[in-house]
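Taken together, the values in this text are just the output of simple stated rules run on the coordinates, not laboratory data. Please read these numbers as outputs of a predicted model, since none were measured by experiment. Virtual Cβ from ideal backbone geometry, glycine too; neighbours counted across all protein chains shown.
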Amino acid sequence: MPASSTQNRQAFGLALRFIAPYRGQVIGALLALTFTAGITLSLGQGLRLLVDQGFATRSPDLLNQSVGLFFILVVALAIGTFARFYLVSWIGERVVADIRKQVFDHLIDLHPGFYESNRGLEIQSRLTADTTVLQSVIGTTVSIALRNALMLLGGVILLFVTNPKLTSIVMIAIPLVIAPIVFFGRRVRKLSRLSQDRVADVGSYVGEILGQIKTVQAYNHQSQDRMQFAQVVEDTFEVARQRIRQRAWLTCIVIMLVLGAIGAMLWVGGMDVIAGRISGGELAAFVFYSLIVGVSAGALSEVIGELQRAAGAGARIVELLRTEREIRPPATDLRHLPATISGNIAFDQVQFAYPTRPDAPVISDFSLTVRAGETLALVGPSGAGKSTLFDLLLRFFDISSGQISVEGCDICQLDPDELRRSFAIVSQNPALFFGTVADNIRYGRPDASMEEVRAAARAAHADEFVAAMPQGYETRLGDAGLGLSGGQKQRLAIARALLVDAPILLLDEATSALDAESEHLIQQALPRLMEGRTTLVIAHRLATVKHADRIAVIDGGRLVALGTHTELIQNNDLYARLAELQFGVTT
Ligand SMILES: Nc1ncnc2c1ncn2[C@@H]1O[C@H](COP(=O)(O)OP(=O)(O)O)[C@@H](O)[C@H]1O
Ligand SMILES: [Mg+2]
């Protein structure tokens with residue numbers, strides 16, 4: 001995909017911006033680059049001396065001198081190449097490290113709405129794949145391009161200096177030799193990229209199947225999987241076969257054209273040597289420079305494709321960095337919450353639709369006041385908008401009209417960080433992270449002591465099962481708490497919420513994940529958690545609604561009734577029905 005000029009400019013700007021701090025290294029790299037190119041070019045002159053003065057005159061002294069000079073040049077070249085390679089690669093790695101950090105720092109602050117329309121996976125690939133492309137380009141390709149441009153220029157000049165007549169022949173011959181090589185080279189590279197993608201397909205296919213092995217075997221799906229997998233593998237082979245065929249052609253053509261061209265040159269030049277028009281050394285130097293010019297021209301034409309790929313990658317990264325976060329503190333009139341808040345919450349005629357479906361309001365005309373310290377249960381059918389209300393309170397999304405206030409402050413006038421410090425949330429699917437049990441409990445307060453962690457776990461009735469784990473609190477959890485039951489995860493999430501000790505607690509009860517035993521334990525943990533805080537709890541259990549001061553019945557994004565369990569059972573049909581279905585209460 002050819003990069004547009006805007007993309008080129010963006011990518012170039014990005015590279016410059018990130019390279020700028022490392023001026024010293026860049027200058028060093030350029031010096032080393034020029035130095036090594038100069039030495040490589042002067043090797044040709046060394047070759048000429050060696051042939052003309054060493055071999056032709058048959059003088060051992062001159063041969064000694066020539067070979068001595070040659071070794072000096074070789075050592076200088078080796079040192080220069082070391083410096084060049086080290087500095088250039090260093091810059092590439094350094095710049096990519098900086099870009100990765102900056103992109104991640106930026107991403108982690110973006111509003112959750114951004115991740116709804118942009119799949120997390122795609123962004124992950126930008127962060128890894130695109131920066132890797134940039135790294136190879138900045139750390140390798142640019143250096144190849146510069147070095148070969150220098151060599152090409154120097155080589156052509158030296159060719160003309162050595163022998164203008166032969167040079168004219170070479171200038172005509174080089175494109176004829178290079179063109180087919182470049183043509184097949186491009187094909188090979190395109191196919192090898194395709195082939196890598198196919199290999200990745202094989203990997204992800206296996207990963208998916210083996211990850212779901214119980215389902216696969218339970219449905220006796222193996223024979224279909226064998227067939228599908230065989231297809232994936234055969235596709236991979238087919239791409240690989242095409243690639244190696246092109247590659248074989250490439251090698252064959254390179255040998256014929258390059259060696260053929262050298263042969264032709266030796267013939268023309270050899271005639272001149274025989275006729276005494278040029279020396280043997282000149283011819284040797286000439287062949288040397290032609291090779292350099294040919295190789296440089298080939299390398300240059302190859303890396304142009306790479307540079308374009310990098311421009312695409314760079315432009316995508318620029319686009320990520322340019323994404324503004326939508327949830328921000330107000331530009332003017334920033335307000336602050338008091339140091340201790342009692343936990344008043346008010347929804348006032350709130351309207352909201354998710355950004356992905358702007359014409360389908362999820363919350364409509366929603367007004368509700370939650371008093372400081374009370375426990376309010378939210379009940380309603382699945383999809384009524386209960387979890388969405390929590391998202392709005394934490395300001396993960398901005399409402400389209402109306403107002404939400406905490407402690408009398410419109411939440412849009414607060415710094416989101418400050419707002420969120422007022423809440424502790426236990427969500428429906430508790431999120432656990434890779435790390436130890438203690439790390440997970442400490443999540444909201446990394447400086448909490450081990451004693452505090454234990455106390456929170458005890459209060460959440462998690463202490464017992466944690467103690468039974470192989471390394472207790474230092475047991476590492478797999479990805480997303482792999483290896484824990486739903487109830488255990490939720491108790492860890494409760495411990496985490498207890499530890500941050502925020503004035504308002506948001507609790508999204510999970511029903512499906514829990515067995516009766518865990519439910520009982522969680523039920524025991526909750527009163528401790530709700531004590532002295534304003535609590536909003538999305539309730540699926542009778543014990544919870546009975547414990548609540550008031551119950552809000554929500555349906556289709558609207559508040560349809562508000563009252564105590566006894567009141568609602570009598571007055572509200574929807575509640576009575578839900579109570580019967582969910583809590584087994586018969587009226
Ligand atoms: N991220 C989202 N994007 C678009 N629609 C959503 C999103 N999350 C939830 N919804 C929709 O909003 C409605 C309310 O969802 P939710 O608040 O999760 O319901 P509840 O928690 O009451 O079961 C549902 O119709 C759901 O499909
Ligand atoms: Mg929900």
Taking chymotrypsin sites (Phe, Trp or Tyr not before Pro) as exposed when in a DSSP loop with at most 15 other Cβ atoms inside 10 Å, the chain has its longest clean stretch at 1-218
Length gained, TYR219-ARG421, 0.36 nm per residue minus C-alpha separation, equals 68.0 nm
Quick calc: nm separation of the 7 Å Cα→Cβ label points for GLU238 and GLN524 -> 6.2
Taking the alpha-carbon centre of each part, the distance from the range 60-79 to the range 162-188 in Å is 31
The extension gain from ASP398 to GLN228, computed as 0.36 nm times the residue separation minus the Cα-Cα distance, is 56.7 nm
quick note, the chain, DSSP beta bridge pairs, % antiparallel (nearest 5) is 50
Semi-axes in Å, largest first, for the range 322-393 (Cα gyration tensor, √(5λ)) are 23, 22, 10
In whole angstrom, the spacing between the Cα centers of the range 307-354 and the range 375-411 equals 17
Per-residue ellipticity at 222 nm attributable to helices in the chain (runs of n ≥ 4 DSSP H, -39500 (n - 2.57) apiece, nearest 500 deg cm²/dmol) works out to -20000 deg cm²/dmol
Percent antiparallel among DSSP beta bridges confined to the range 345-583, rounded to 5, stands at 55
The long-range amide H neighbours of ARG558, using H built 1.01 Å from N in the peptide plane and a cut-off of under 5 Å, are SER364
Here the gain from full extension of ILE169 to ALA76, 0.36 nm per residue of separation minus their alpha-carbon distance, amounts to 30.2 nm
Calc'd 3J(HN,Hα), the range 384-398, phi into Karplus 6.51 cos²θ - 1.76 cosθ + 1.60 (θ = phi - 60°), Hz, glycine/Pro = x, comes to 6, x, 5, 5, 4, 4, 5, 4, 5, 4, 7, 6, 7, 9, 9
What one gets for the range 7-81 as the Kirkwood radius, inverse of mean 1/r over different Cα pairs in Å, is 14.9
To the nearest 10 degrees, the tilt of helix 450-459 (Cα long axis) against the first principal axis of the alpha carbons of the chain is 40
Along the dipole axis of the chain (charges at Cβ: +1 for Lys and Arg, -1 for Asp and Glu; origin at the Cα centre), the most positive-end residue among ILE138, VAL232, GLY557 is ILE138
With a Förster distance of 45 angstrom and the Cβ-Cβ distance between GLU451 and ALA331, calculated FRET efficiency to the nearest 0.05 equals 0.55
Charge dipole of the chain built from unit charges on the beta carbon (Lys, Arg +1; Asp, Glu -1), centred at mean Cα; most positive-end Cα among LEU320, HIS336, VAL437 is LEU320
Filtered hits (lysines, Cα-Cα < 26 Å from LYS214, offset >= 8 within chain) -> LYS489
The value for the chain (convex hull of the alpha-carbon atoms, volume per residue, Å³) is 231
When the charge dipole of the chain is computed with +1 on Lys and Arg Cβ and -1 on Asp and Glu Cβ about the Cα centre, the Cα farthest towards its positive end, among THR369, PHE286, PHE397, belongs to PHE286
Spelling it out for VAL370: with amide H atoms placed in the peptide plane at 1.01 Å from N, the residues 5 or more places away or on another chain with amide H under 5 Å from its amide H are ILE345, ALA346, PHE347
Between the modelled labels at GLN212 and THR475 (7 Å from Cα along Cα→Cβ) the distance in nm is 2.9
Pseudo-spin-label distance ILE157 to PHE434, built 7 Å along Cα→Cβ, given in nm, is 5.2
Phi angles of the range 66-73, converted by Karplus (6.51 cos²θ - 1.76 cosθ + 1.60, θ = phi - 60°) into ³J(HN,Hα) in whole Hz with x for Gly and Pro, give 4, 5, x, 4, 4, 5, 4, 4
